[in-house]
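> The structure is given below, and queries will be raised subsequently.
The values are calculated or read from the model by the stated rules, or taken from the named source; none is laboratory data. All values reported here derive from a predicted model rather than from experimental measurement. Cβ atoms come from the backbone with ideal geometry, glycine included; neighbour counts cover every protein chain shown. Note: areas computed on protein heavy atoms with side chains; ligands, DNA, RNA excluded. Shrake-Rupley method; radii C 1.70, N 1.55, O 1.52, S 1.80 Å.
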Amino acid sequence: MKKIFNDAKSALEGVVFDGMTVMSGGFGLCGIPENLIAALRDTGVKDLTVISNNAGVDDFGLGLLLQTRQIKKMISSYVGENKEFERQYLSGELELEFNPQGTLAERCRAGGAGIPGFFTKTGVGTLIAEGKEHKEFDGETYIMETGLVADLSIVKAWKGDEQGNLIFRKTARNFNPMMASAGKVTIAEVEEIVPLGSLDPDNIHTPGIFVQRIIKGEHEKRIEQRTVRERENA
Amino acid sequence: MAWDRNDMARRAAKEMEDGFYVNLGIGIPTLVANYIDDDIDVTLQSENGMLGMGPFPFEDEVDPDLINAGKQTITELRRTSYFSSADSFGMIRGGHIDLSILGAMEVAENGDLANWMIPGKMVKGMGGAMDLVAGVKRVVVVMDHTSKSGAPKLLHECSLPLTGKGVVDMVITNLGVFEIAEGGGMKLTELADDVSVDDVKSSTEANFEVAV
């Protein structure tokens with residue numbers, strides 16, 4: 001089965017429907033599937049539930065899908081950088097479920113690994129724990145969180161091959177590997193599609209079984225907080 | 001007269017020990033990295049998936065694939081490793097990180113911490129804070145002693161929604177240092193320069209034992 005598609009638009013054909021759940025990799029604007037997000041907007045799909053650590057900025061990343069009101073609900077850990085998000089949330093147009101970041105990462109990992117629920121001490125005694133099953137292990141209290149799966153996962157990697165094997169680069173890895181594993185269909189966009197055999201099998205981060213479609217993208221890689229130091233004059 | 005941001009960061013850096021893996025929060029905690037003693041070896045963790053965080057880059061080193069949890073561009077070191085968010089929070093939740101230094105809106109005398117939401121205001125989210133305070137071995141809060149309006153932030157009970165229950169081990173403010181015992185009980189252990197116990201008492205709601 002051929003996994004390589006020509007572009008983001010063709011890769012999304014036949015897998016998009018209104019009301020679907022989409023996982024989108026990335027942390028801030030780092031390692032986000034920017035080509036697939038833009039193409040998803042262009043499909044006009046609506047009432048999306050989007051699982052993503054953040055919500056992009058107003059005019060980039062998931063902010064594009066907020067501008068067009070294609071998102072019904074977000075599951076995220078931090079959404080601070082997006083004014084349009086704030087407006088839609090405060091006016092009641094957008095539902096929001098906050099998950100602690102580690103809980104969100106583990107929910108995606110668990111979903112992809114066939115684990116429907118797990119216990120964590122994160123959030124015990126807080127609003128997050130309300131309504132959740134509590135259980136003691138060795139005298140300490142934990143709460144139950146559930147695994148997450150998505151109808152579609154869109155992820156960004158550095159390099160991939162025709163089998164869908166992926167390698168991520170530096171901190172652009174973040175949520176991408178778990179989300180790749182938790183999609184009923186996973187589409188990866190990469191900076192470079194390399195010939196089979198050129199990735200070191202011992203160093204593949206996401207094995208191709210988790211990736212159904214792959215495209216080569218063009219990446220702007222916008223920086224949110226450009227922070228530099230000055231060189232001291234010699 | 002009292003400590004400034006850099007004094008508080010310098011004091012917080014003294015909580016680090018040789019061989020520690022440390023997570024620093026945003027704001028004053030970020031400054032702590034500037035004051036780590038040269039004689040000890042400390043590895044900084046960034047919860048977006050990096051151990052061995054280096055300083056900010058020079059202009060020509062900026063890499064969009066290399067950021068910290070505050071989304072700032074940073075650099076790697078020779079010891080650096082990268083991993084997924086699931087592995088990162090495995091380290092945190094699993095108790096492998098020795099020390100977390102972070103800011104707060106309120107701390108209660110039993111160690112309860114509130115730093116993620118104010119009801120009625122736009123909530124940005126807890127990010128990784130709930131995982132950090134629940135999982136890291138030792139939690140040190142660095143914050144101003146009172147709010148901008150002068151209201152105490154060290155309280156009998158937090159009024160804001162909690163980030164963690166009974167999780168804080170130490171609080172460093174511009175007025176001094178407090179230790180919180182396992183199970184509760186706050187103790188003032190150090191005073192900032194030219195600050196008296198009465199100064200501290202007048203701007204603190206929480207009960208505390210004086211041990212300076």
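> Tell me the residue from A:ASN54, A:ASN82 that is polar (S, T, N, Q), farther than 18 Å from A:VAL15 by Cβ, buried (at least 19 other Cβ atoms within 10 Å of the Cβ) and modelled with pLDDT of 95 or more, please.
A:ASN54
> Among the residues of the stretch A:201-234, which ones are facing another protein chain (nearest Cβ under 8 Å), basic (Lys, Arg) and farther than 15 Å from A:GLY26 by Cβ?
A:ARG226, A:ARG229, A:ARG231
> So, one more: Could you list all residues from the stretch B:112-143 that are out of contact with any Leu (no Cβ under 9 Å at 6 or more places or on another chain), surrounded by fewer than 24 Cβ atoms within 10 Å (Cβ to Cβ) and facing chain A (nearest Cβ under 8 Å)?
Listed by number, the list holds a single entry, B:LYS124.
> Of all the residues that make up the stretch A:211-234, how many are open to solvent by 70 Å² or more (accessible area, probe 1.4 Å), under 25 Å from A:ALA39 (Cα atoms) and not charged (D, E, K, R)?
Selection size over the stretch A:211-234: 0.
> Filter the stretch A:162-195 down to residues that are within 7 Å of chain B (Cβ to nearest Cβ) and touching an Asp or Glu at 6+ places or on another chain (Cβ under 6 Å) and give me whichever is farthest from A:GLY217 (Cα to Cα).
It comes out as A:LYS170.
> Okay, moving on. Between a first residue in the stretch A:182-204 that is part of a helix (DSSP H, G or I) and a second residue that is open to solvent by 20 Å² or more (accessible area, probe 1.4 Å) and modelled with pLDDT of 95 or more, which pairs have beta carbons less than 9 Å apart while being 6 or more apart in sequence or on different chains?
A:PRO201/A:ASN165; A:ASN203/A:ILE167
> Looking at A:THR141, is it surrounded by fewer than 17 Cβ atoms within 10 Å (Cβ to Cβ), of a type in the set (Ser, Thr, Tyr) and either without any contact (Cβ under 8 Å) to a residue 12 or more places away in the chain or within 11 Å of chain B (Cβ to nearest Cβ) (or both)?
yes
> Which residue is surrounded by the fewest Cβ atoms within 10 Å (Cβ to Cβ), if the candidates are limited to the stretch A:3-15 and must be in a loop (DSSP other than H, G, I, E, B) and in contact (Cβ under 8 Å) with a residue 60 or more places away in the chain?
A:ASN6
> Output the number of residues of the stretch A:16-45 satisfying the condition of being surrounded by fewer than 24 Cβ atoms within 10 Å (Cβ to Cβ) and at positive phi.
2
> Moving on. So which pairs qualify, if the first residue must be in the stretch A:76-92 and at the interface with another protein chain (Cβ under 9 Å from one of its Cβ atoms), the second must be part of a helix (DSSP H, G or I), the Cβ gap must be under 6 Å, and the two must be at least 6 apart or on different chains?
Note: pairs meeting the criteria are A:SER77/A:GLN101; A:SER77/A:LEU104; A:VAL79/A:PHE85.
> Just to be sure, is B:THR163 of a type in the set (Val, Ile, Thr), open to solvent by less than 10 Å² (accessible area, probe 1.4 Å) and in contact (Cβ under 8 Å) with a residue 40 or more places away in the chain?
When the stated conditions are applied, B:THR163 passes them.
> Yes or no: the stretch A:145-161 includes at least one residue that is closer than 19 Å to A:MET74 by Cα, surrounded by fewer than 16 Cβ atoms within 10 Å (Cβ to Cβ) and touching a strand residue (DSSP E or B) at 6+ places or on another chain (Cβ under 7 Å).
Yes: one or more hits.
> Within the stretch B:57-108, which residues are within 7 Å of chain A (Cβ to nearest Cβ), in a helix (DSSP H, G or I) and under 19 Å from the mean Cα position of the chain (by Cα)?
The answer is B:PHE89, B:ILE92, B:ARG93.
> Which pairs have Cβ atoms under 7 Å, sit 6 or more apart or on different chains, and link a residue in the stretch B:43-56 that is more than 7 Å from chain A (Cβ to nearest Cβ) and open to solvent by less than 10 Å² (accessible area, probe 1.4 Å) to one that is in a strand (DSSP E or B) and among the β-branched types (Val, Ile, Thr)?
B:GLN45/B:VAL22; B:GLY52/B:THR43; B:GLY52/B:THR80
> Taking the options B:ASN48, B:ASN6, name whichever one is closer than 27 Å to A:GLY80 by Cβ, assigned to a helix (DSSP H, G or I), modelled with pLDDT of 95 or more and out of contact with any Leu (no Cβ under 6 Å at 6 or more places or on another chain).
B:ASN6
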